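The values are calculated or read from the model by the stated rules, or taken from the named source; none is laboratory data. Given the structure is predicted, the values throughout are model-derived calculations rather than measurements. Note: ideal-geometry Cβ built from the backbone for every residue, glycine included; neighbour counts use all protein chains shown. Ligands, DNA and RNA are excluded from the accessible area calculation, which covers all protein heavy atoms including side chains. Shrake-Rupley method; radii C 1.70, N 1.55, O 1.52, S 1.80 Å.
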Amino acid sequence: MTEEKKMLFSQDALKKLLWPLIIEQFLAIAMGMADTVMAASCGEAVVSGISLVDSICVLLIGLFTAMASGGAVVAAQYMGHGDKEMVGRASNQLFIAVGGVALLFMMIALIWNRGLLALLYGNVEADVMNAARIYFYIVAVSFPFLGIYNGGAALFRAVGDSKVSMKVSLVANLVNVVGNAILIYACKCGTEGVAIPTLVSRLAAAVIMIILLIPKKSAQAKQDSTRIYIKKSLHYRANWHMLKSILLVGIPNGLENSMFQLGKVLVLSLVSTFGTYAIAANAVSNVITLFSILPGQAICLAVTTVIARCVGAGDYEQAKYYNKKLIL
């Protein structure tokens with residue numbers, strides 16, 4: 001237990017897993033900050049409307065991430081057991097689960113756009129509500145792409161390769177910032193100038209993830225035991241036993257996280273009654289305070305991967321050891 005060669009994760013392996021996760025979480029927050037800062041030139045009403053919708057989106061993103069974590073746990077257990085075939089099948093089922101949930105929420109957001117916003121923020125000024133509705137319609141289309149990205153990121157973390165999601169997140173941030181600059185400053189767009197780059201950046205992230213997960217034909221790729229790939233389309237059928245395993249982890253995790261985010265949405269609903277300036281100030285301060293929980297979020301993602309791999313290998317002593325180590 002004390003000899004490093006017997007450990008599933010060396011000290012260097014943990015560092016290689018953790019640091020990209022911290023940077024990835026930073027980039028995720030930076031994207032929201034970039035949207036808020038660049039949208040400020042469009043006026044307080046636009047910033048306020050975007051922040052109202054973002055609070056709902058953060059709740060849904062937490063749910064997608066939790067669902068993806070459920071699939072990653074199953075995949076990591078098979079990885080720890082050394083069953084690459086089942087890892088690939090679990091990857092497919094993960095996308096079925098996350099994709100199905102994401103499509104459901106996209107349809108709800110598109111159909112019930114006005115009703116949901118009116119229910120939560122019915123007392124806001126007309127220009128704020130108009131900006132919120134426009135932003136919500138456009139961003140809702142990105143939910144399936146966001147689900148795909150989260151699923152892919154979770155799978156790469158399952159095999160200890162968190163650099164992939166970090167690099168994809170960096171590309172998405174660049175696409176978002178450049179798109180904002182073109183549409184907001186050059187084309188003089190308002191709410192659409194913030195929403196469209198967000199949609200395009202999430203689409204780009206999803207496409208890159210799918211490309212990276214497509215099985216490679218080269219002999220070197222086939223021999224690489226640290227890689228993870230989705231199975232061919234023939235296997236894209238619901239495996240209810242495996243889906244149940246994913247949902248049993250993902251749903252409780254998602255509900256737990258959603259309860260916290262729902263509380264923040266309800267607080268923002270109260271703040272919205274104070275006027276446009278209060279909403280805008282709350283939006284800016286919320287983005288800044290997210291940095292305080294950044295390391296904890298990264299370590300939480302790492303714990304899921306590490307413990308699941310230990311359980312898959314049947315080594316519960318190492319699971320306890322790494323749990324204590326990462327919590328400390």
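Some observations on this one:
- Prolate/oblate/rounded call for region 245-328, Cα gyration tensor, a/c under 1.5 rounded: prolate
- Between the C-alpha center of region 252-295 and that of region 71-134 there is a gap of 19 Å.
- Selected from 62, 82, 71 as most flexible by GNM, with the chain as the system and alpha-carbon contacts under 10 Å: 82
- Taking a ≥ b ≥ c as the square roots of the eigenvalues of the alpha carbon gyration tensor, region 1-130 is oblate, as a/c is not under 1.5 and a/b does not beat b/c.
- Separation in nanometres of the label points that stand 7 Å from Cα toward Cβ, at residue 123 and residue 187: 3.7 nm
- Mean Kyte hydropathy of 0.5 or more with a Cα span along the axis of at least 15 Å, helices from DSSP in the chain: 11-39, 44-81, 84-111, 126-140, 143-158, 163-180, 191-213, 240-271, 276-289, 294-312
- At a probe radius of 1.4 angstrom, the accessible area of region 6-55 per residue rounds to 41 square angstrom.
- Of the trypsin sites (Lys or Arg not before Pro) found in region 236-273, those in coil by DSSP whose Cβ has at most 15 other Cβ atoms within 10 Å are 237.
- Applying the criteria of a DSSP loop state and at most 16 other Cβ atoms within 10 Å to the chymotrypsin sites (Phe, Trp or Tyr not before Pro) of region 110-157 yields 112.
- Projected label distance in nm at residue 274 and residue 130, using a 7 Å step from Cα toward the beta-carbon: 2.6 nm
- Remark: spin-label model distance residue 167-residue 84 equals 2.0 nm, labels positioned 7 Å along the Cα→Cβ axis.
- Flagged links, alpha-carbon separation over 23 Å, of 163/264; 16/325; 16/324; 167/320; 15/163: 163/264; 167/320
- Fraction of accessible area attributable to carbon and sulfur, the chain (%, probe 1.4 Å): 67 percent
- Contour minus Cα-Cα distance for residue 207 and residue 259 (0.36 nm per residue): 15.7 nm
- Across the chain, the relative contact order, built from alpha-carbon pairs under 8 Å that are at least six residues apart, equals 35 percent.
- The helix-only estimate of mean residue ellipticity at 222 nm for the chain, built from DSSP H runs of length n ≥ 4 each weighted as -39500 (n - 2.57), is -27000 deg cm²/dmol after division by the residue total.
- Cα gyration tensor shape of the chain, rounded if a/c is under 1.5, else prolate or oblate by comparing a/b with b/c: prolate
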